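Nothing in this text is a laboratory measurement; each read-out follows from the coordinates by a stated rule. What you see is a predicted model, and the numbers here were worked out from it, not measured in a lab. Please note: Cβ atoms are built from the backbone with ideal geometry, for glycine as well, and neighbour counts cover all protein chains shown.
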Amino acid sequence: MPQVSEVTISRESIAAIEPVIRPHIRRTPILQIDGRDIGLGHFPLTLKLELLQHSGSFKARGAFANLLLRQIPHAGVVAASGGNHGVAVAFAAAKLGVAARIFVPTCCSSAKVDRIRSYGATLIVVGERYADALAASEAWAAESGALPVHAFDQAESAIR
């Protein structure tokens, strides 16, 4: 496993992590359209179709980076999510054989709940808001020793 250190996001850190996650993610297509095609002005738009990524969003990239570049304890990983992040962490954990516990609020869509469960993660539905799920996931991490994988507010890692 490569050694990691906390760094700011840069082209260099992304380039260093890309070969590590490449075997686990899809190369998604880019589509170029005219803004008028979607009710905007006449200018070029480039869309990256991350909905075709494993788990349905770009979040799979971060999930794999976290699970491949960090030391995973025996207790596995824990995440709080409104949906996409939880699906991505559950998918990455399933592919890598890591135990995952995902906390979501009651407003999480049934489609996301079903996908998280389908990947074999332990799903905990708690509270009405993301903040409730986050607090419960933090408590579980403290109790179990599981590695927290935050949905959006976490220092990035790069190979040394």
Practice prompt. Set the Förster distance to 41 Å, then compute FRET efficiency between His74 and Ile38 from the Cβ-Cβ distance, nearest 0.05.
Written response: 0.30
Item to complete: Can you figure out the FRET efficiency of Asp153 with Leu31, using R₀ = 30 Å and their beta-carbon distance, to the nearest 0.05?
Response: 0.50
Response to the item:
Counting only DSSP beta bridges fully inside the chain, the antiparallel percentage to nearest 5 is 45 percent
Worksheet item: Which value, in debye to the nearest 20, gives the size of the charge dipole of region 58-159 about its Cα centre, when Lys and Arg are +1 and Asp and Glu are -1 at the Cβ?
Response: 380 debye
Worksheet item: Between the helical axis of 59-69 and the dominant principal axis of the chain, each derived from Cα atoms, what acute angle in degrees is found, rounded to the nearest 10?
Response: 50 degrees
Practice prompt. Please work out whether region 9-84 counts as rounded, prolate or oblate from its C-alpha gyration tensor, where a ≥ b ≥ c are the square roots of the eigenvalues and a/c under 1.5 means rounded, while otherwise a/b larger than b/c means prolate and anything else oblate?
Written response: prolate
Worksheet item: Once every DSSP H run of n ≥ 4 in the chain is given -39500 (n - 2.57) and the sum is divided by its residues, what mean residue ellipticity at 222 nm do you get, rounded to the nearest 500 deg cm²/dmol?
Response: -11500 deg cm²/dmol
Practice prompt. Subtracting the Cα-Cα distance from 0.36 nm times the residue separation, let me have the gained length for Leu52 to Ser10 in nm, one decimal.
Written response: 12.7 nm
Item to complete: Under 20 Å Cα to Cα from Lys95, which aspartates and glutamates show up? Leave out anything in the same chain fewer than 8 places away.
Response: Glu18, Glu50, Asp114
Discussion item. With only alpha-carbon atoms in the gyration tensor, what are the semi-axes of the equivalent ellipsoid for the chain, in Å, largest first?
Written reply: 28, 21, 14
